[in-house]
Amino acid sequence: MDVKRVCSSSDTVPPKDPSEETVDDGKHVVHRFQELFESENLSDIVLVVGLTRYSVHKFVLIIASDVFQAMLNENQWHEANQPEVTLTEEEECLPVFRDFLRYLYCGSVTLTTSTVLPVLILADKYCIPSLCESCVQYMSQHVVESPDTNRTLSWYQYAKIRGYEKLKEETFRFILSNFHIVQNSPDWLVLNKFEVQEFLSSSDIVVESEYILWRKLAEWFGHQDDIAGVLKELLPLVRFSLMTPKQLYDIESSDLYKENHHVFSEKFLQAYRRHSLLSEDVEKLSNTMHEPHRNYSAPSYGISCPLTLINYQVKAKIDSKIIVDNFKVPLQFNPSSNTTDQAKASFHVEFFPKGYFQPHMLYQTYLGKHNEKTTLVVRRMNPILTPEIVTVEVTMVIYGKKNQVQYVAHSVTKTHHFCEKSRKLEIEDVISIEKLQENNSRYLVNGRFEATLFLKVIDVHDTKDGNKK
């Protein structure tokens, strides 16, 4: 027997009134909260932070923060029933505590590169996820600043401690690619030795020369309490063999060297011995003495070349290809010898910043292979005449400009074994064309496309016996 349910009038959904309209006066509610900020009207608790007293409202703190909710609304906490609560904050957080409170009332805060970290520390401590997210986003957008306001080093340290992985990766990448900027920032001299050790261990640092890197590092050593102890730990990471003899002599003339010469002696002996062997016969150079290049831009290293395209936005695609012909890269850094005498590998470089194209003729018809991907092509020249297998690390850095500071905005790195059977390395999508074509693109410098290509020889093997040279 089928039972049919009889719907009552109460089950029927009433038709929507066509005149229905939602009135949103939320901004007035926000305004009422804003008026409570720093007002003693209805204030029921005083926060004492440092030497400053803040008259606040429990309900505002409780609904904004899980930490304040536990502290002020649960009886097991002593502070819950006190009219006055003293909070102990980091020294750097004291000047921004008012800004932090204002955010709880108003939902807005004014940040600078100097104040964002202490505000984030407070947001983490009192568990304000929305403020944490806003601070991290601000940091990501302001990694690039002029050296006198750059705080990337401190942000990197904090991101590591708190597990902000994306911010950690962004700041670390910026630090390595723009080491000259961070070494001139106010945070450099107060950096701890573990971060310095981490940076010096990397071959991805973009810097003019090892000597320029050393000069700022020497300033940092001068601010350490146990200079001799820190020198002993970190000097093995400094690549003195990639400095010229003149630069080594200048370091020997410094007070830092004279006062700690016993710590320097082994590294300097290795550096001078390497230069001596290179000047006589490269084949005698011990592999154990080889120190890998960083991304050095100084001409004396011979491993970098500029890639520039003026008026990028208006340049026709067919006219946009950048060519570097016969780029000769030394197999060893040897500043003591005549550069023409050094063993080198030659490369032909092409970069297509507006998309790849390769015109050719077929049956008297003009054809062309092309796509919309920026493409870097590095081709080894004359591999038959020089049959070695040359392993090369290829790094391309693309510059941008912000606040009158030119910096590395993007980079890509690939390693390739160049030999007779594999003469060419091709990297597609070095950077998306859309990023370059944006209005006021941050990947252009005054309308120009500017980049530097680094070719670093890592290994050389003889194809006949497979031995490393």
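Bear in mind these aren't lab numbers, they're just calculated from the coordinates by the rules spelled out. Quantities reported herein were computed from a predicted structural model and do not represent experimental measurements. We place every Cβ from the backbone using ideal geometry, glycine too, and count neighbours over all the protein chains shown.
Overview of results
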{"item": "Taking N as its residue count, the alpha carbon Rg of segment 102-236 over 2.2 N^0.38 Å", "result": "1.14"}
{"item": "For Lys344, residues with placed amide H under 5 Å, excluding near neighbours", "result": "Leu331"}
{"item": "Net charge of neighbours whose Cβ lies under 13 Å from the Cβ of Asn440, counting Lys and Arg as +1 and Asp and Glu as -1", "result": "+3"}
{"item": "For the chain, the spread of Cα positions along each principal axis, largest first, Å", "result": "94, 76, 57"}
{"item": "Estimated dipole of segment 302-461 in Debye, rounded to 20 [Cβ of Lys and Arg +1, of Asp and Glu -1, Cα centre]", "result": "260 debye"}
{"item": "Modelled FRET efficiency - R0 60 Å, Asp225 with Gln358, Cβ distances, 0.05 increments", "result": "0.50"}
{"item": "Potential extension, Leu277-Gln313 segment - 0.36 nm per residue separation minus Cα distance", "result": "7.9 nm"}
{"item": "Environment charge of Ser154, counting only residues whose C-beta is closer than 13 Å and scoring Lys/Arg +1, Asp/Glu -1", "result": "-1"}
{"item": "Ordering of 178-185, 151-158, 65-72 by burial proxy (mean other Cβ atoms within 10 Å per residue, highest first)", "result": "151-158, 178-185, 65-72"}
{"item": "Computed label-point distance, nm, for sites Val23 and Leu237 using a 7 Å Cα→Cβ extension", "result": "6.5 nm"}
{"item": "Convex hull of Cα atoms in segment 27-142, direction-averaged projection (nm²)", "result": "7.3 nm²"}
{"item": "Structure-based [θ]222 nm, the chain - -39500 (n - 2.57) summed over DSSP H runs of at least 4, per residue, nearest 500", "result": "-9500 deg cm²/dmol"}
{"item": "Size of charge dipole - segment 164-275 - debye, nearest 20, with Cβ of Lys, Arg +1 and Asp, Glu -1, no other charges", "result": "400 debye"}
{"item": "For Ile45, distant residues with modelled amide H under 5 Å away", "result": "Val56, Lys58"}
{"item": "Neighbour-count ranking [beta-carbon atoms within 10 angstrom, fewest first] of Tyr249, Tyr407", "result": "Tyr249, Tyr407"}
{"item": "Dipole moment magnitude, nearest 20 debye, segment 27-142 about Cα centre, only Lys, Arg, Asp, Glu C-beta charged", "result": "380 debye"}
{"item": "Residue-span extension gain [Ser43 to Cys127] - 0.36 nm each, minus C-alpha spacing", "result": "28.0 nm"}
{"item": "Rough spin-label spacing in nm, given labels placed 7 Å along Cα→Cβ, for Lys166 and Gln69", "result": "2.5 nm"}
{"item": "In degrees, nearest ten, helix 129-141 long axis to first principal axis of the chain (Cα)", "result": "30 degrees"}
{"item": "At R0 = 35 Å, FRET efficiency that the Cβ-Cβ distance of Cys106 and Lys16 yields, to 0.05", "result": "0.45"}
{"item": "Descending principal axes extents, segment 302-461, alpha-carbon based, whole Å", "result": "52, 46, 24"}
{"item": "Signed unit charges on C-beta, dipole axis of segment 27-142, positive-most listed residue Gly107, Asn81, Ser140", "result": "Gly107"}
{"item": "Fewest-first sequence of Asp225, Asp429, Asp325 by Cβ atoms within 10 Å of each Cβ", "result": "Asp225, Asp325, Asp429"}
{"item": "Size-normalised alpha-carbon gyration radius of segment 124-202, reference 2.2 N^0.38 Å", "result": "1.08"}
{"item": "Net +/- balance of residues flanking Asn260 in space, Cβ distance below 12 Å, scoring K and R +1, D and E -1", "result": "-1"}
{"item": "Taking Ser253, Ser134 and counting other C-beta atoms within 10 Å, the order from fewest to most", "result": "Ser253, Ser134"}
{"item": "Cα gyration tensor, segment 155-309 - rounded (a/c under 1.5), prolate or oblate", "result": "oblate"}
{"item": "Of Ile431, Val314, Val230, farthest towards positive along the dipole that unit charges on Lys, Arg, Asp, Glu beta carbons give the chain", "result": "Val314"}
{"item": "Highest to lowest packing among 94-106, 414-426, scored as the average C-beta count within 10 Å", "result": "94-106, 414-426"}
{"item": "Förster radius 35 Å - calculated FRET efficiency between His261 and Ile458 (Cβ-Cβ, nearest 0.05)", "result": "0.60"}
{"item": "Long-range HN-HN contacts of Lys328 with modeled amide H, under 5 Å", "result": "Phe347"}
{"item": "Extended-chain gain in nm, criterion 0.36 nm per residue less alpha-carbon gap, Ala343 and His290", "result": "17.5 nm"}
